[in-house]
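Engineer: Please read through the structure below; I'll follow up with questions.
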Amino acid sequence: QKEVEQDPGPLSVPEGAIVSLNCTYSNSAFQYFMWYRQYSRKGPELLMYTYSSGNKEDGRFTAQVDKSSKYISLFIRDSQPSDSATYLCAMDYGQNFVFGPGTRLSVLP
Amino acid sequence: DTGVSQNPRHKITKRGQNVTFRCDPISEHNRLYWYRQTLGQGPEFLTYFQNEAQLEKSRLLSDRFSAERPKGSFSTLEIQRTEQGDSAMYLCASSLQGHEAFFGQGTRLTVV
């Protein structure tokens, strides 16, 4: 079992839809949780950073962490074609960051 | 631009040659990470530095790979005797005390 699991997609949604992206993990030592957006042939761009269980909102993005279930989510409201990218979850337990494989999202105009 | 800077952006090399990549982190960040990413996969950890000390190396980092961070500032990643399997995107990230990590645009290596 991999430490971080993520549905690779591709996920296609119409413009304006609410998108839900998810990761599960097995290592309860993970303390910090991040979501990155990566456009093709570019470096990952940090979107959200959370520590505790619960929700964190930033504009159209909401990150949700459930440590008891070892499950994190990223919600994108009013999705735009410019949101089309690969979304990577990452987790940190103080030494380095472990990434999921990424979910490829396409938002269709 | 105060982000993480990586050079070169692209590198094409013949098998067996040595290559070196450079990473300039965000200036106040004390931690620096190297990751490797292949198509369709998430980044895989290679190594990380806290200031000038290399504190962890992945098993992925064979003896052909070496990384340095002299004086705790920029870092270099060298690959000796490159193989076709080394073709990947090499990503550098920096953070302050292990919190949010910010990535550079990466160096895309192609070994022919």
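The values are calculated or read from the model by the stated rules, or taken from the named source; none is laboratory data. In this text, all values refer to a predicted model and were calculated from it rather than measured experimentally. When we count neighbours, we look across all protein chains shown, and the Cβ atoms used for this are built from the backbone with ideal geometry, even at glycine. To get the accessible areas, we keep the full protein, side chains included, count just its heavy atoms, and leave off ligands, DNA and RNA. Shrake-Rupley method; radii C 1.70, N 1.55, O 1.52, S 1.80 Å.
Engineer: Spelling out what I want: for every residue of region A:88-105, take phi, set θ = phi - 60°, compute 6.51 cos²θ - 1.76 cosθ + 1.60 (Karplus), and round to whole Hz; glycine and proline get x.
Structural biologist: 10, 8, 9, 9, 10, 10, x, 9, 7, 9, 10, 9, x, x, x, 10, 8, 10
Engineer: Using θ = phi - 60° and the Karplus curve 6.51 cos²θ - 1.76 cosθ + 1.60, what whole-Hz ³J(HN,Hα) does each residue of region A:62-69 get, with Gly and Pro shown as x?
Structural biologist: In residue order, the calculated couplings are 10, 9, 10, 10, 10, 5, 5, 9 Hz.
Engineer: Which chymotrypsin sites (Phe, Trp or Tyr not before Pro) from region B:4-89 combine a DSSP loop assignment with at most 16 other Cβ atoms within 10 Å?
Structural biologist: B:74
Engineer: Same structure again: If you roll a 1.4 Å probe over chain A with all protein chains in place, what percent of the accessible area is carbon or sulfur?
Structural biologist: Of all accessible area on chain A, carbon and sulfur atoms account for 47 percent.
Engineer: Let me know the charge dipole size of the protein assembly as shown about its Cα centre in debye, to the nearest 20, where only the beta-carbon of Lys, Arg (+1) and Asp, Glu (-1) is charged.
Structural biologist: Around 660 debye, computed over the protein assembly as shown.
Engineer: Next question, about the same structure. Just the Cα atoms of the protein assembly as shown: what Rg and Dmax do they give in Å?
Structural biologist: Rg and Dmax of the protein assembly as shown, Cα atoms, are 17.4, 50 Å.
Engineer: Next question. Give me, ordered by chain and number, the residues 5 or more places off residue B:56 or on other chains with an amide H under 5 Å from its own placed amide H.
Structural biologist: Long-range HN contacts for residue B:56: B:48.
Engineer: Report, as an integer, the average count of C-beta atoms from other chains found within 10 Å of each Cβ along A:98-105.
Structural biologist: Other-chain Cβ atoms within 10 Å of each residue's Cβ, averaged: 3.
Engineer: Once every Cα of chain A carries one equal point scatterer and solvent is ignored, give the base-10 log of I(q)/I(0) from the Debye formula at q = 0.10, 0.12, 0.13 Å⁻¹, two decimals.
Structural biologist: -0.26, -0.37, -0.43
Engineer: Considering all projection directions equally, how large on average is the shadow of the alpha-carbon convex hull of region B:12-78, in square nanometres?
Structural biologist: Averaged projected area of region B:12-78's Cα convex hull equals 5.2 nm².
Engineer: Continuing with this model, one more query. Once the mean 1/r over all distinct Cα pairs of region B:37-112 is inverted, what Kirkwood radius in angstroms do you read off?
Structural biologist: 13.4 Å
Engineer: A follow-up question, please. Using label points projected 7 Å from each Cα along Cα→Cβ, tell me how many nm separate residue B:97 and residue B:18, to one decimal.
Structural biologist: Spacing of the two 7 Å Cα→Cβ label points: 3.9 nm.
Engineer: Taking amide H positions as placed in the peptide plane 1.01 Å from N, state which residues far from residue B:88 in sequence (5 or more) or on other chains have amide H under 5 Å from it.
Structural biologist: B:109
Engineer: What lysines could a cross-link reach from residue B:14, if we take a straight Cα to Cα line under 24 Å and drop same-chain neighbours fewer than 8 places away?
Structural biologist: A:42
Engineer: Tell me, what ³J(HN,Hα) does each residue in region B:82-90 have, in order and in whole Hz, if you take phi through Karplus 6.51 cos²θ - 1.76 cosθ + 1.60 with θ = phi - 60° and put x for Gly and Pro?
Structural biologist: 4, 10, 4, x, 7, 4, 5, 9, 9
Engineer: Then there's this: What's the total accessible area buried between chains B and A, using a 1.4 Å probe, rounded to the nearest 100 Å²?
Structural biologist: Accessible area lost upon association: around 1700 Å².
Engineer: A follow-up question, please. Going through the cross-link list A:2/A:67; A:2/A:70; A:2/B:71, which pairs have a Cα-Cα distance over 25 Å in this structure?
Structural biologist: Over 25 Å apart, Cα to Cα: A:2/B:71.
Engineer: When DSSP assigns beta bridges and you keep just the ones with both residues in chain A, what percent turn out antiparallel, to the nearest 5?
Structural biologist: The antiparallel fraction comes to roughly 90 percent.
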